[in-house]
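One structure is given below, encoded as structure tokens.
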There are 2 protein chains.
Amino acid sequence: MRLSTKLTAAAIAIGLTAGAASQALAQQKPDEALKMRQGLMQAVKMNFGPIAGFAQGKGDLPADAAAKAGHLTALAKMAPMAWGKGSEALPGANTKAEAFASADFAKGWTAMGEASAKLQAAAASGGAEAIKAAAGEVGKTCKGCHDTFRKE
Amino acid sequence: MRLSTKLTAAAIAIGLTAGAASQALAQQKPDEALKMRQGLMQAVKMNFGPIAGFAQGKGDLPADAAAKAGHLTALAKMAPMAWGKGSEALPGANTKAEAFASADFAKGWTAMGEASAKLQAAAASGGAEAIKAAAGEVGKTCKGCHDTFRKE
């Protein structure tokens with residue numbers, strides 16, 4: 001099979017018709033942006049939740065805490081692309097419109113990524129108090145943006 | 001403010017009440033798992049789409065192709081947690097039930113992560129043909145699981 005044929009097959013396999021690939025090149029659809037950010041925020045919750053629970057004394061440290069913190073770092077890096085313009089006012093959108101035009105919004109994700117990387121380092125070296133402190137710093141970056149940019 | 005107070009504030013800020021944190025420790029709710037995987041698959045599409053488009057000759061290579069490939073690698077690592085049991089039959093679920101009990105499903109994500117890491121390396125070094133070939137290998141890992149585990 002020629003490479004171009006293989007690539008077309010691969011593109012179709014992931015739901016990328018030629019038109020969809022072109023669309024993805026050009027612009028994310030608003031409803032796709034919303035779906036992506038809802039899923040990414042859910043992923044943040046699933047990865048941070050158990051560590052925050054540990055920091056609150058509500059459970060054991062997850063065995064894969066360092067991996068979870070690594071996921072948080074990765075999510076923070078890719079998150080901004082999910083707040084695409086045109087998706088501000090969709091049903092279920094829970095972000096204030098000003099976030100879409102604010103440099104502070106992207107900076108908030110950068111801060112969250114940096115705090116998550118420190119949490120990952122703390123989790124890898126294993127000191128409980130250091131992990132709790134680092135988790136608190138991650139939580140502060142969550143709160144910083146939520147206070148400013150979240151509707152509810 | 002004491003650390004425990006700060007952590008509680010942080011947990012509330014990210015929507016993690018004490019109950020929610022405990023729940024996250026215990027088990028992901030089926031509807032949350034579904035939301036997470038829909039968002040992660042959307043993120044895969046948004047990151048791979050422009051590179052696949054380039055590989056198909058439909059556009060320029062994104063300037064941030066290596067970063068996008070890095071996001072794909074990270075998404076592959078965290079994806080399996082989004083296919084939580086109990087979410088097989090929800091409206092909108094598009095994964096065959098057997099995926100939830102198959103070791104091949106997790107192996108598929110591992111293969112996708114490895115192929116994405118190679119794509120990232122190719123994108124970082126910049127050879128167009130190497131990038132196209134590596135994109136084709138990523139696409140094959142998409143197709144491999146979609147053929148087996150996707151409903152539609």
Quiz item: Going through segment A:49-81 one residue at a time, which ones are within 19 Å of the chain's Cα centre (by Cα), closer than 29 Å to residue A:133 by Cβ and modelled with pLDDT under 95?
Solution: A:80
Quiz item: Residues of segment B:63-88 being part of a helix (DSSP H, G or I) and closer than 15 Å to residue B:102 by Cα, which ones?
Solution: B:79, B:80, B:81, B:82
Quiz item: In segment A:60-73, which residue that is of a type in the set (A, V, I, L, M, F, W, C) and touching a Ser or Thr at 6+ places or on another chain (Cβ under 8 Å) is farthest from residue B:68 (Cα to Cα)?
Solution: A:69
Quiz item: Of all the residues that make up segment B:28-52, how many are more than 7 Å from every other protein chain (Cβ to nearest Cβ) and in contact with a Pro (Cβ under 8 Å, 6 or more places away or on another chain)?
Solution: 1
Quiz item: Does segment B:51-59 contain any residue that is without any contact (Cβ under 8 Å) to a residue 24 or more places away in the chain and either under 28 Å from residue A:69 (Cα atoms) or among the aromatic types (Phe, Trp, Tyr) (or both)?
Solution: no
Self-check item: Test result for residue B:99, among the small types (Gly, Ala, Ser) and over 17 Å from the mean Cα position of the chain (by Cα)
Solution: no
Quiz prompt | Set A:111, A:115: member being of a type in the set (Gly, Ala, Ser), in contact with an Asp or Glu (Cβ under 7 Å, 6 or more places away or on another chain), within 14 Å of chain B (Cβ to nearest Cβ) and closer than 23 Å to residue B:72 by Cα | solution = A:115
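The values are calculated or read from the model by the stated rules, or taken from the named source; none is laboratory data. Being a predicted model, the structure only gives us computed values, none of them experimental. Note that we place each Cβ from the backbone using ideal geometry, even for glycine, and neighbour counts take in every protein chain shown.
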